Amino acid sequence: MLKYLYPDGKFKALTFSYDDAEVGDRRLVTLFNEHHLKGTFHLNDGKFDTGNYISATEVRDLYKGHEVACHGVMHKHPAIMSTTEAMIEYSENRRRLEELTGGLVRGLSYAYGEYSDEIIGVAHSCGLVYSRTVMSTYGFRIPADFMQWHPTLWHGDERLNELIDQFLNLPDYVELPLFYIWGHSFEFDRNNNWEIIEKATDRLAGDDDTWYATNIEIYDYITAVRSLIYSVDGKTIHNPSAQTIWVRNTNASGDGNVIIRIEAGATYTL
Ligand SMILES: [Zn+2]
């Protein structure tokens, strides 16, 4: 029986998502870097260089090694915006962040967690491929629809430590478990509780079984897994994507535990 694994044969994945681009991101990125963790930062470019927000000129260096993604130019309410406003809010945000980072920007999180079918359509047509909500699942499942990507939980949730315990002790029959934590870095400054994220990162870092990834890296890998082409008997698998897919075959050759790499563009026969 085949079971998918994450890149390099890792069993589980952890990702973080932080919104708004306030100056607390500097301390948070430093913390992530010290622990070799990866995060996605959803930025409102219209707020740069005002109030408590970071400056446009620091975007490229500050978030290096992490993902920069959209959150709207001005953090307008998705439930109130017209379609035209939404197009500007997302496409201009994307254009500016691509200009500042010099890379592709394809992710979104909904301001205030608000969205609708119409907003999803606009975001998609602006080239955004996933969007995070604020609805906790308290679980580790891959989202069926990446435009409604519900996180495991908010970092301030009273169940955080319980979920970390569960994630660190997952049974190995679970397939592609993902722990997704979200929040705002300004909450740690406002509530003077940086120890929440410091303790969480201490507990979650440095695990050889965990793939530490940005939101878009998770999206790209799962999309590649979903694109695999199988023969009817399930024994021939073609990988048309641009990345290697890792699979565990639990009954291939008697030892019950063979790890297979299906290379980009390759056809593999079991
Ligand atoms: Zn926000």
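The values are calculated or read from the model by the stated rules, or taken from the named source; none is laboratory data. Note that this is a predicted model, so its numbers are computed, not measured. With ideal geometry, Cβ positions are generated from the backbone for all residues, glycine too; neighbour counts draw on all protein chains shown.
Quick one: is Phe41 hydrophobic (A, V, I, L, M, F, W, C), away from the ligand (no atom under 15 Å from the Cβ) and under 17 Å from the mean Cα position of the chain (by Cα)? Break it down stepwise before answering.
Details: hydrophobic (A, V, I, L, M, F, W, C): yes; away from the ligand (no atom under 15 Å from the Cβ): no; under 17 Å from the mean Cα position of the chain (by Cα): yes.
Criteria not met by Phe41.
Among the residues of segment 29-57, which ones are surrounded by fewer than 16 Cβ atoms within 10 Å (Cβ to Cβ) and acidic (Asp, Glu)?
Glu34, Asp49
Exactly one condition in (1) out of contact with any Pro (no Cβ under 9 Å at 6 or more places or on another chain); (2) surrounded by 18 or more Cβ atoms within 10 Å (Cβ to Cβ) is not met by Arg26; state its number.
(2)
For a quick check of your reading of the model, give me the residue pairs whose first member lies in segment 172-193 and is part of a helix (DSSP H, G or I), whose second is more than 15 Å from the ligand (Cβ to nearest atom), with beta-carbon atoms closer than 6 Å and at least 6 apart or on different chains.
Between residues of segment 172-193 that are part of a helix (DSSP H, G or I) and residues that are more than 15 Å from the ligand (Cβ to nearest atom), the close pairs are Phe188/Trp194.
Mind listing whichever residues of segment 221-240 are surrounded by fewer than 18 Cβ atoms within 10 Å (Cβ to Cβ) and more than 18 Å from Arg141 (Cβ to Cβ)?
Kept after step one, since they are surrounded by fewer than 18 Cβ atoms within 10 Å (Cβ to Cβ), are these residues of segment 221-240: 223, 226-236, 238, 240.
Matches in segment 221-240: Ser227, Leu228, Ile229, Tyr230, Ser231, Val232, Asp233, Gly234, Lys235, Thr236, His238, Pro240.
For segment 94-115, enumerate the residues that are within 12 Å of the ligand (Cβ to nearest atom) and either more than 17 Å from Phe41 (Cα to Cα) or buried (at least 20 other Cβ atoms within 10 Å of the Cβ) (or both).
The answer is Leu108, Ser109, Tyr110, Ala111, Glu114.
Let me confirm something: among Tyr6, Tyr110, which residue is within 16 Å of the chain's Cα centre (by Cα), in contact (Cβ under 8 Å) with a residue 24 or more places away in the chain, outside the structural domain of Val174 (by TED's automatic domain parsing) and under 21 Å from Pro151 (Cα atoms)?
Being within 16 Å of the chain's Cα centre (by Cα), in contact (Cβ under 8 Å) with a residue 24 or more places away in the chain, outside the structural domain of Val174 (by TED's automatic domain parsing) and under 21 Å from Pro151 (Cα atoms) holds for just one of Tyr6, Tyr110, which is Tyr6.
Any residue that is over 27 Å from Gly72 (Cα atoms) and touching a helix residue (DSSP H, G or I) at 6+ places or on another chain (Cβ under 6 Å) - is there at least one of those in segment 134-157?
No, the conditions are met nowhere in segment 134-157.
Restricting attention to segment 24-31, does a residue exist that is free of Cβ contacts under 8 Å to residues at least 40 places away in the same chain, within 22 Å of Glu198 (Cβ to Cβ), away from the ligand (no atom under 16 Å from the Cβ) and of a type in the set (S, T, N, Q)?
Within segment 24-31, one or more residues are free of Cβ contacts under 8 Å to residues at least 40 places away in the same chain, within 22 Å of Glu198 (Cβ to Cβ), away from the ligand (no atom under 16 Å from the Cβ) and of a type in the set (S, T, N, Q).
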